[in-house]
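What follows is one structure encoded as structure tokens, with my remarks underneath.
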Amino acid sequence: MITGIGLDVVELSRIRRLDAKSSKFRQRILTEYEQVEYNQLTAKRKVEFLAGRFAAKEAFSKANGTGIGGDCSFQDIEIRKDDKGKPSVYFQRIETGLVSITHSKEFAAAQVLLQTN
């Protein structure tokens, strides 16, 4: 049964500006695991990656019904890819949802679907 769905869209220029201003933004959004992946990317791809993770985490918090805050921080949510590159959402280290992330020239978007068995 579907228990939640969330969608978020973010402008790449906004994420690029925030990331260039200070690494604190990136450190607030990405977990240690995600930061390792981020550090291996090209400059262009880093912005897409960070924006995609930001959108996915915002979408998860909407699907979860909590928003980002005390009960659900960016650090509580992690996006991991399997061997084929398919991403999944982990909340507090437990796989909890399906996620789709996309990028265009100007935007990144993510959709999250939460379900119970």
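The values are calculated or read from the model by the stated rules, or taken from the named source; none is laboratory data. Everything quoted here is computed from the prediction, not taken from an experiment. Ideal geometry is used to build each Cβ from the backbone, glycine not excepted, and the neighbour counts take in all protein chains shown. Surface areas here come from the heavy atoms of the whole protein model, side chains and all, with no ligands, DNA or RNA. Shrake-Rupley method; radii C 1.70, N 1.55, O 1.52, S 1.80 Å.
Highlighted here are the strands (runs of 3 or more DSSP E) found entirely within segment 20-105 that include at least 2 residues which are farther than 20 Å from residue 116 by Cα: 94-103. Of all residues in segment 61-101 being touching a residue at least 40 places away in the same chain (Cβ under 8 Å) and open to solvent by 80 Å² or more (accessible area, probe 1.4 Å), which is farthest from residue 3 (Cα to Cα)? Selected residue: 75. Summed over segment 44-57, the residues that are surrounded by fewer than 22 Cβ atoms within 10 Å (Cβ to Cβ) and in contact (Cβ under 8 Å) with a residue 40 or more places away in the chain give a count of 1.
Do you know which of the residues in segment 13-43 that are of a type in the set (A, V, I, L, M) and over 18 Å from residue 109 (Cα atoms) is surrounded by the fewest Cβ atoms within 10 Å (Cβ to Cβ)? Show your work before the answer.
The first filter runs over segment 13-43 and keeps only residues of a type in the set (A, V, I, L, M), leaving 15, 18, 20, 29-30, 36, 41, 43.
Retained after the next criterion (residues that are over 18 Å from residue 109 (Cα atoms)): 20, 36, 41, 43.
Numbers: 20: 10, 36: 10, 41: 13, 43: 7.
The qualifying residue surrounded by the fewest Cβ atoms within 10 Å (Cβ to Cβ) is 43.
There is no residue in segment 25-36 that is without any contact (Cβ under 8 Å) to a residue 12 or more places away in the chain and among the hydroxyl-bearing types (Ser, Thr, Tyr).
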